[in-house]
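Step one of this worksheet: look at the structure below.
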Amino acid sequence: MFDIGSSLRDARMRQEIDFAELEERTKIRPKYLRALEDERFDILPAPTYVKGFLRSYAEALGLDGQPFVDEYNSRFAVEEDVVVVRTRRIPAQRRDRAAVRESRIAVLALLAIAVVTALVIAAWRFGGPEPETVPRLAPVDRGAGIAVAPGARRATLVVRAVDSSWMEVRAGSATGKLLYSGTLELGQRKTFQGRRLQVALAKPGNVVVRLNGKRVDLPAGTTFVVSARRIAAAAP
């Protein structure tokens, strides 16, 4: 067992590296770097981000990142599982009422979904033709993301590493189904498809990205929302 935060801080101070330089190396915000040194893991987005940030931070200092990830798993990941298991006991009568209420909500939700589905099918069958679109007129907003062909409905994202970088890809949002988590090595390529993807990169500058066959530049930040139309920076 060793102190994760103090080990990172001591290594950084021995090399006389400030947070600005580390941010340039790792593409991780200084407030998250400080949180790692203070072991304030609760202010980071999610445990998966913590592990990726720890690995990137350690490797930027010339250290092996795996022991830091293992130490975090042994000390903190288990505690998180215990917290989930310790649920408060609810009297049987209250559980029955809650179950009835949840059943009613579920029935109403299913009815609402059925109505919306019927309306969508009716609109698709009986609606008029969609207006024609002119290619290459989609606006490009480099502050919010990069627009692509407006007719596309499904995003095909190809990420190729020009240098090593940790990456996580989820379907839909930051809490969606995990599609990939790991470090892309030099020359490695990964392809993902979906209507909406959530991508986190420790070092965005170390990858080349193509969306629906077109190379695009990533906006500022380390987490991104990918749709068929564009890649945008995720809300902090």
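Dipole size of the stretch 4-85 about its Cα centre, with +1 on Lys/Arg Cβ and -1 on Asp/Glu Cβ: approximately 220 debye, rounded to the nearest 20. Counted residue by residue at 0.36 nm each, then reduced by the alpha carbon distance between them, the extension gain from Ser74 to Ala118 reaches 10.8 nm.
Pairwise alpha-carbon distances in the stretch 145-233 exceed 23 Å for 11% of all pairs.
For the stretch 4-85, the calculated P(r), taken from all Cα-Cα distances in 10 Å bins from zero up to the bin holding the longest distance, is 18, 57, 21, 5, 0 percent. For Ala20 and Arg154, the FRET efficiency from 1/(1 + (r/R0)^6), where r spans their Cβ atoms and R0 equals 41 Å, is about 0.55. Here Lys31 is the anchor, and the lysines within straight C-alpha reach of less than 18 Å, apart from those fewer than 8 places off in the same chain, are Lys51, Lys203.
Using only alpha carbon pairs under 8 Å that are at least six residues apart, calculate the relative contact order of the stretch 4-85 and give it in whole percent. List each step's numbers first, then the result.
Values: 60 pairs, mean separation 22.7, N = 82.
Relative CO of the stretch 4-85 lands at 28 percent.
Taking all Cα pairs closer than 8 Å and separated by 6 or more residues, the relative contact order of the stretch 145-233 comes to 39 percent.
Since every read-out is calculated from the coordinates, none of them should be taken as a lab result. No experiment lies behind these values; they were computed from the predicted model shown. Glycine also receives a Cβ, built like all others from the backbone with ideal geometry; neighbour counts cover every protein chain displayed.
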